[in-house]
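Some notes on the structure that comes next.
The values are calculated or read from the model by the stated rules, or taken from the named source; none is laboratory data. Predicted model, so just to flag it, every value in this text is computed and none were measured. All Cβ positions, glycine included, derive from the backbone under ideal geometry; neighbour counts span all protein chains shown. Note: areas computed on protein heavy atoms with side chains; ligands, DNA, RNA excluded. Shrake-Rupley method; radii C 1.70, N 1.55, O 1.52, S 1.80 Å.
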Amino acid sequence: MALNLRQRQTECIIRMLNMNQPVNATGTANEEVYKILIYDRFCQNILSPLIHVKDLRKHGVTLYFLIDKDRKPVLDVPAVYFVQPSPVNIQRIIADASKSLYDSFHLNFSSSIPRPLLEDLASGTLNSDSIDRISKVHDQYLEFVTLEDNLFSLAQKSSYVQLNDPSAGDREIEEIVEKIAGGLFCVLATLGVVPIIRCPRGGPAEMVASALDQRLRDHLLSKNNLFTEGGNFASSFQRPILCIFDRNFELSVGIQHDFRYRPLVHDVLGLKLNRLTVPGEKGGTKSFELDSSDLFWVANGSLEFPEVAVEIETQLNKYKKDVDDVNRRTGGTDGAEFDGTDMIGNTKHLMNAVNSLPELTERKQVIDKHTNIATVLLGEIKERSLDSYAKKENDMIVRGGIDRHDLLGVLRGKGTKLDKLRFAIMYLISSESMNQAEVEAVEAALRESEVDTCAFQYVKKIKSLNVSLASANSASRSNIVDWAEKLYGQSISAVTAGVKNLLSNDRQLALTRTVDALMEGKPNPEVDSYLVFDPRAPKSSSGSTSSHLKGPFKEAIVFMIGGGNYVEYGSLQELVQRQQPAKHVIYGTTELLTGEEFVEQLSLLGQKMGLGGAPASASTQ
């Protein structure tokens, strides 16, 4: 049974909406109770991609509100709360209970509520004489956003900046690492699996893996733990592998322009929580939902944009042909005499036509939706020459450089300021050697376009550190490492290990290649140095490669710290489709970032380190 995160999280939410009562085969509780749902912004984002308004109605939710809004009392009705365990939310719950807003309170926290907050809740409701209104308190372990069956985000903002901030103290780093480990624990608890954890040595990946390993060990000590029954995973003889990486492992993928449909929609139109808004034809805006119920999106998300345009045209022609067929069948024969047999045939055709109408209407809506999206995308592509950016960045990575004339031509051509900045950073990352005069020419071209160069200067500094690391002998190298780690936090890992680490000859991402090797479980120089954590094994054997670790693994969870994207997600899904026998990969990240959003985080780090700067009149847009 393949791990299906979307299905598992939806089941948990439905159970929660039904007051944590078991649900029957139809997905509803045996006894229907009308109730009110209260959530905070974060939990609203968890619910949004999974549960629609009609689903809420089905589960007896008649009203739903944000917790921070003023609400009137609704007597004799229970309330289901779904919120993060924060001091602000606890105080609001106490206030609601003391005002007797609802008949009873069923409290569900998105992650485990810390003891001090639980005590605050108890003393607050006791003091206001409302403790009897609190029916139940549940830790739901749902603090992550599932966007597709195999895609999730912890929705933890700016973790790349926080982990690489030169001014961050040990305590701040530990807090962030614990928060990420807590989010991953929620994912594993929802799936009901204890994986074998693999990660590169050093940096945030090892820190998170170690913290998660400890958290799982502590939890497994209790008899009645979340993994006791194996989470219905008995049908598979093997545990999954969890591969943890840090964004610096392959920096380029977070920055480059991509010309495939799904990454393009995310990067250019700002797909958020499976929804996007585009300008309408007559002013105003149109909103669309893109999720697993949209079969066109599922089937064509990984295709290049021109192929998608052709596919839309093909689907439209097929739709027109099917409509013509229906019209021809139900229209009768021209000039024929009307008799009984014709009537029976006609009635049959009419019935078929009526039955096929909903399906045809739905197909037309999907075609119209993607025609709208493709039209807006095409306008952006033409205006910004996005096809040219994607092609030239690809060429740079494959060849390890670019002709100077081409390079400056792009920087002085079409595109937004951030397009040019991303291209300039891709030039830095993909160049195997740094040509000082060329780099200065790039900086001058960026200044001409009034581009803030902080992000460029930051990557240049990291790149020069890596080059000096590569050329330093082992004695002085350790000094440089010590100095660099003090100055740059975790960011001196293999940020720019040249073209070999960026992409192999068959255009496979380094991440995908590494995950493939880890799932194989065979000796491989690329991953032999990776650490192993097995929370079910004795502590002494964790942290080093173990003889008991046998591949191949059928299922993997791949997690990217510091921001992920649809390019990596698509690449991993393609890997799975190519494999025989079938494998299964779930991709997750601290947050899904567009290229622009990630470069803004790099700019922030550049500013924190006092590098570069924006021209007086510049903005990053």
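General observations
- Members of segment 144-172 that are in contact with a Phe, Trp or Tyr (Cβ under 8 Å, 6 or more places away or on another chain), under 27 Å from Arg275 (Cβ atoms) and open to solvent by 30 Å² or more (accessible area, probe 1.4 Å): Ala155
- Number of positions in segment 237-253 that are open to solvent by 10 Å² or more (accessible area, probe 1.4 Å) and in contact (Cβ under 8 Å) with a residue 40 or more places away in the chain: 4
- Residue pairs whose Cβ atoms lie under 8 Å apart, separated by 6 or more positions or on different chains, with the first residue in segment 132-161 and more than 27 Å from Asp246 (Cα to Cα) and outside the structural domain of Ile94 (by the TED database) and the second open to solvent by 40 Å² or more (accessible area, probe 1.4 Å) and assigned to a helix (DSSP H, G or I), do not occur.
- Only one of the numbered conditions (1) touching a Cys at 6+ places or on another chain (Cβ under 7 Å); (2) among the charged types (D, E, K, R); (3) closer than 26 Å to Ala2 by Cβ is not met by Glu206, and that is (3).
- For segment 354-375, a tally of residues being over 15 Å from Trp297 (Cβ atoms) and not small (Gly, Ala, Ser) returns 9.
- Look at (1) on the phi > 0 side of the Ramachandran plot; (2) touching a residue at least 40 places away in the same chain (Cβ under 8 Å); (3) not hydroxyl-bearing (Ser, Thr, Tyr) and you find that Asp129 fails only one, number (2).
- Boolean, Leu593 is aliphatic (A, V, I, L, M), open to solvent by 10 Å² or more (accessible area, probe 1.4 Å) and out of contact with any Asp or Glu (no Cβ under 6 Å at 6 or more places or on another chain): yes
- Cβ-Cβ under 9 Å pairs, at least 6 apart or on other chains, segment 452-465 side among the aromatic types (Phe, Trp, Tyr), far side not in a helix (DSSP H, G or I): Phe456/Leu611; Phe456/Gly612; Tyr458/Ser491; Tyr458/Met609; Tyr458/Leu611; Tyr458/Gly612
- Condition met for Ala189 (in a loop (DSSP other than H, G, I, E, B) and either β-branched (Val, Ile, Thr) or in contact with a Phe, Trp or Tyr (Cβ under 8 Å, 6 or more places away or on another chain) (or both)): no
- Among the residues of segment 372-383, those that are out of contact with any helix residue (DSSP H, G or I) (no Cβ under 6 Å at 6 or more places or on another chain) and of a type in the set (D, E, K, R) comprise Lys382, Glu383.
- Tyr141, sole failed condition from (1) closer than 21 Å to Arg6 by Cβ; (2) within 16 Å of the chain's Cα centre (by Cα); (3) open to solvent by 10 Å² or more (accessible area, probe 1.4 Å): (2)
Residue-wise test of (1) in contact with an Asp or Glu (Cβ under 8 Å, 6 or more places away or on another chain); (2) in a loop (DSSP other than H, G, I, E, B); (3) modelled with pLDDT of 90 or more.
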| residue | (1), (2), (3) |
| --- | --- |
| Ala374 | no, no, yes |
| Ile381 | yes, no, yes |
| Lys391 | no, no, yes |
| Ile397 | no, no, no |
| Lys414 | yes, yes, yes |
| Leu421 | yes, no, yes |
| Met434 | no, yes, no |
| Glu443 | no, no, yes |
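- Listing of helices (runs of 4 or more DSSP H) fully contained in segment 1-102 that carry 1 or more residues being open to solvent by less than 20 Å² (accessible area, probe 1.4 Å) and either at positive phi or in contact (Cβ under 8 Å) with a residue 60 or more places away in the chain (or both): 5-17, 41-47
- Filter result (closer than 30 Å to Lys282 by Cβ and of a type in the set (Asp, Glu)) within segment 363-406: Asp368, Glu380, Glu383, Asp387
- Pairs where the first residue, in segment 436-448, is under 15 Å from Ile402 (Cα atoms) and acidic (Asp, Glu) and the second is part of a helix (DSSP H, G or I) and open to solvent by 50 Å² or more (accessible area, probe 1.4 Å), C-beta under 7 Å, 6+ apart: Glu438/Arg404
Okay, residues lined up against (1) over 30 Å from Thr146 (Cα atoms); (2) in contact with a strand residue (DSSP E or B) (Cβ under 7 Å, 6 or more places away or on another chain):
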| residue | (1), (2) |
| --- | --- |
| Gly283 | yes, no |
| Ser287 | no, yes |
| Ser292 | no, yes |
| Phe296 | no, no |
| Gly301 | no, no |
| Pro306 | no, no |
| Glu313 | yes, no |
| Leu316 | yes, no |
| Val326 | yes, no |
